[in-house]
1. Any idea which of L154, L120, L115 is part of a loop (DSSP other than H, G, I, E, B) and either basic (K, R) or at pLDDT 95 or above (or both)?
2. If you check D203, D147, which single one turns out to be modelled with pLDDT of 95 or more and out of contact with any Phe, Trp or Tyr (no Cβ under 6 Å at 6 or more places or on another chain)?
3. Considering only residues that are assigned to a strand (DSSP E or B) and of a type in the set (K, R), look in segment 54-89 and name the one that is farthest from V214 (Cα to Cα).
4. Please pick out the residue among E164, E170, E156 that is within 27 Å of P48 (Cβ to Cβ), without any contact (Cβ under 8 Å) to a residue 40 or more places away in the chain and charged (D, E, K, R).
5. Can you say whether P245 is out of contact with any Ser or Thr (no Cβ under 6 Å at 6 or more places or on another chain), modelled with pLDDT of 95 or more and surrounded by 17 or more Cβ atoms within 10 Å (Cβ to Cβ), as far as the supplied structure shows?
6. Name the strands (runs of 3 or more DSSP E) wholly within segment 178-231 that hold at least 2 residues that are touching a residue at least 12 places away in the same chain (Cβ under 8 Å) and within 20 Å of the chain's Cα centre (by Cα)?
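The values are calculated or read from the model by the stated rules, or taken from the named source; none is laboratory data. Keep in mind it's a predicted model, so treat the numbers as computed, not measured. In this analysis, Cβ positions are derived from the backbone assuming ideal geometry, glycine residues included, and neighbour counts consider all displayed protein chains.
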Amino acid sequence: MGVLSALVVGTFLLGSLRWHSLRQASPPRLEEVAWGAGPLLAGAAVVPLEPAPPVPVAGFARLHWMEEGRRDPVAVRALVVQESSCTVAFVSVEIMLVPGKLEQAVEKRLRDLNLDRLVLAATHTHAGPGGFWDDTFFERLATGPYDRAVFDHLVERSVRAVREAHAALEPAYLSVARGEAKALVRNRNGNEVDGRLVSARFDGRSGRTVGELVIFPSHATLLGGSNRLISGDWPGALMRGRKAPLLLFQGAVGDQTPNAQVGPGGPPENYARALEMRLAALERDRPDPWPELAVATASSILPPADAGASPPFLRRVAQNLMYGVLSERGRVMAVRLGSLTLLAIPGEPVAEVGRRWRAGAGEGSEVLSLAGDYLGYVETSDRMAEMAGETVHTYYGPELADRLAGTVQIAAEAVRPPRRYPAASRRQPRPVRTVPRRGRMRTVKRSAEVAQLTAGEPWCGRLASHAPRWITI
């Protein structure tokens, strides 16, 4: 017993040493910017997810992972929007989260489409197919034992959905609607209730709806941890209820959960119907065939790993064990769609963090969570100091929210439309801050030059008449 005790104490002391140097914080870095010009094109597609059974049911830590059947069909939905010099693909997958390797694999197989950005995000269903996260630690907590066949199936179906959506591009009008559905959610920590409901709908010239993006923050957990059936939960029910493809994305969902006291405590279909009623009641702005389309990415160094669930006396040991597991850089995206700026975040920010990020990013900004990678929950630094809120679910230290805030702001500024100056103030040209992407962006000086460059294009008159002294095409 004495020898065993000495070994335990020695192991603890060794694990409590700092094994790795601290990452040096640095200012956020703007990586890529692309701006569109001209009329809008949009295309959408739905591709079923049908991995060979049985597969793990992702969402909750379990002893028994494998499914016992399939409650309802799950799918991948894609919507591609395009203007001259800018193409962005949105993909909504009925899974719990998106590991970075999954996004990278999909991007690699879509290089021939010359997409400027891919926004690949999860609906966060806690009953979807698992087995796609190749990580010894996290697969045991969230997605189940890794299965390469499931991973490859997700990649293949996501790629297929984007290709079909890209092939279906057609002239479209964008209309945006905003509102609230606070009665459908509650904050599980008793803090701020979000309930922000946003819709971006793309309609063809015939009036047919091409596709729709909907953002609403509410954990997809209505089926509970005892469920053993594959299901898309309430996001799947909402998306299946539409003829045209509807892509559901989570907002600042970290501490937002369904409110079972307002009726949706039964099947997810009831919750989806209640949300559909609120969507139908939203007032839309005027359809625009020439909306601003732009996308920017920015990144920053992340703070050291610091698992909020670890006891204080084991904090250093946990940091050492997680050092090489978590990402060292965090990347966010900002996508401008007319009056709407989507902030694609690789994690689950709580409502308060989402509110602060929207304020820093400017008017019209909305958070789109669980996109492109998974950094865990993002709680405010003051709540983390008190070990309150969602601190127990965090993977990084209390600096995470503030570091990502600066990154979000830089990306949002890059897609913000340039100010229009009176003619008298145009003596000094306004510098344009852009990052060329594959030579598809260049800066020109005068409207006359723009008209000459765009001769024969149906939109050149509009572009030239609105062009400031310096613009980017």
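1. Working: L154 fails: part of a loop (DSSP other than H, G, I, E, B); L120 fails: part of a loop (DSSP other than H, G, I, E, B).
One residue alone meets the criteria, L115.
2. On the way: D203 fails: out of contact with any Phe, Trp or Tyr (no Cβ under 6 Å at 6 or more places or on another chain).
Selected residue: D147, the only one of D203, D147 that is modelled with pLDDT of 95 or more and out of contact with any Phe, Trp or Tyr (no Cβ under 6 Å at 6 or more places or on another chain).
3. Keep residues of segment 54-89 that are assigned to a strand (DSSP E or B), which gives 56-57, 66, 70, 74-84, 86-89.
Of the ones still in play, those that are also of a type in the set (K, R) are 70, 77.
Values: R70: 25, R77: 12 Å.
Per the stated criteria, the residue is R70.
4. Numbers: E164 fails: without any contact (Cβ under 8 Å) to a residue 40 or more places away in the chain; E170 fails: without any contact (Cβ under 8 Å) to a residue 40 or more places away in the chain.
Of E164, E170, E156, the one residue that is within 27 Å of P48 (Cβ to Cβ), without any contact (Cβ under 8 Å) to a residue 40 or more places away in the chain and charged (D, E, K, R) is E156.
5. Values: out of contact with any Ser or Thr (no Cβ under 6 Å at 6 or more places or on another chain): yes; modelled with pLDDT of 95 or more: yes; surrounded by 17 or more Cβ atoms within 10 Å (Cβ to Cβ): yes.
Considered against the rule, which asks whether it is out of contact with any Ser or Thr (no Cβ under 6 Å at 6 or more places or on another chain), modelled with pLDDT of 95 or more and surrounded by 17 or more Cβ atoms within 10 Å (Cβ to Cβ), P245 comes out as yes.
6. Details: elements: 185-187, 196-204, 209-215.
The strands (runs of 3 or more DSSP E) meeting that bar are 196-204, 209-215.
For every residue, the table says whether it meets (1) at pLDDT below 95; (2) surrounded by fewer than 18 Cβ atoms within 10 Å (Cβ to Cβ).
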residue	(1), (2)
S365	no, no
G376	yes, no
R383	yes, no
E386	yes, yes
Y396	yes, no
R403	yes, no
Q409	no, no
V415	no, no
A424	yes, yes
